[in-house]
Amino acid sequence: MIDLPTLVVNFKTYYESTGSRALELAKLMEQVSEEYGVSFIVAPSLPDLSLIAEITNIPVFAQHVDGVSPGAHTGHITAANLKELGVSGSLLNHSERRIGVDLIADGIASLKSHGLHSLVCSATPLVSKALASLEPWAVAMEPPELIGGDVSVTTRPDVVKTTIALIQEASASVIPFVGAGVKNSKHLSDALLMGSRGVLLASGVTKSPTPRIVLEEMAKVLQSRIDS
């Protein structure tokens, strides 16, 4: 089980969050998570998955998985392998790693069969609804034009609220997330107030000169939502 609300930090393949720096940042996330009693999820790049899953105690997600069984699938990532590594789940269909709906469905099914979580990314409210109908663990709506920028998805409250309503209309069990341009605790607070159960972000933490401060401020927001 993963506690909610939560913060999902996508390490992507930034220099600041790969290799030894990835492990250092993951350990920092673990420390802050434990200090504040809140939930963080880390999504490191593939080469760093095993080490981070082995050394830290926070949930670790892959950035992608292929819905194939172990076998002759060169270059693929299987849910079986993720399970063996101690990984908790995977992102699917991130805007920087788009796949077709059939492959999304296969990925969700494969993760489920191994008791792993699927966090499926979408670009629009209507796509969010369609993907929620596939019954993943969660759907994260991220307008592609805002990803990596300085304008938060929370500046579009109508879009966020519509997305959450559509996800819940498709399936009451699917957890709604939003992301893109989320950089600070106010963005997180606004997202939670709009009904999101967490946010998906990257550079706001990975490229920050003071990631501990950012994480602590985010943790305080999550803590206040738990306490309420």
Practice item. Mind listing whichever residues of region 26-63 are of a type in the set (Gly, Ala, Ser), touching a Phe, Trp or Tyr at 6+ places or on another chain (Cβ under 9 Å) and surrounded by 22 or more Cβ atoms within 10 Å (Cβ to Cβ)? Key: 26, 33, 43
Practice item. Would you please name the residue that is farthest from residue 122 (Cα to Cα), looking only at residues in region 67-104 that are among the β-branched types (Val, Ile, Thr) and assigned to a loop (DSSP other than H, G, I, E, B)? Key: 74
Check your understanding: If only one of 175, 167 is in contact (Cβ under 8 Å) with a residue 12 or more places away in the chain, buried (at least 20 other Cβ atoms within 10 Å of the Cβ), out of contact with any helix residue (DSSP H, G or I) (no Cβ under 6 Å at 6 or more places or on another chain) and of a type outside the set (S, T, N, Q), which one is it?
Key -> 175
Review point. So which pairs qualify, if the first residue must be in region 91-103 and aliphatic (A, V, I, L, M) and surrounded by fewer than 13 Cβ atoms within 10 Å (Cβ to Cβ), the second must be assigned to a loop (DSSP other than H, G, I, E, B) and at pLDDT 95 or above, the Cβ gap must be under 9 Å, and the two must be at least 6 apart or on different chains?
Key: 101/93; 101/134
Revision key, fill the gap. Only one of 120, 139, 87 is in contact with a Ser or Thr (Cβ under 8 Å, 6 or more places away or on another chain) and among the β-branched types (Val, Ile, Thr), namely 139
Exercise for review: Scan region 186-222 residue by residue and report those that are part of a loop (DSSP other than H, G, I, E, B) and either among the small types (Gly, Ala, Ser) or out of contact with any helix residue (DSSP H, G or I) (no Cβ under 6 Å at 6 or more places or on another chain) (or both).
Suggested key: 195, 196, 197, 202, 208, 209, 210
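The values are calculated or read from the model by the stated rules, or taken from the named source; none is laboratory data. It should be emphasised that the depicted structure is a prediction, and the values quoted were computed from it without experimental measurement. All Cβ positions, even for glycine, are placed from backbone atoms using ideal geometry, and neighbour counts span all protein chains on display.
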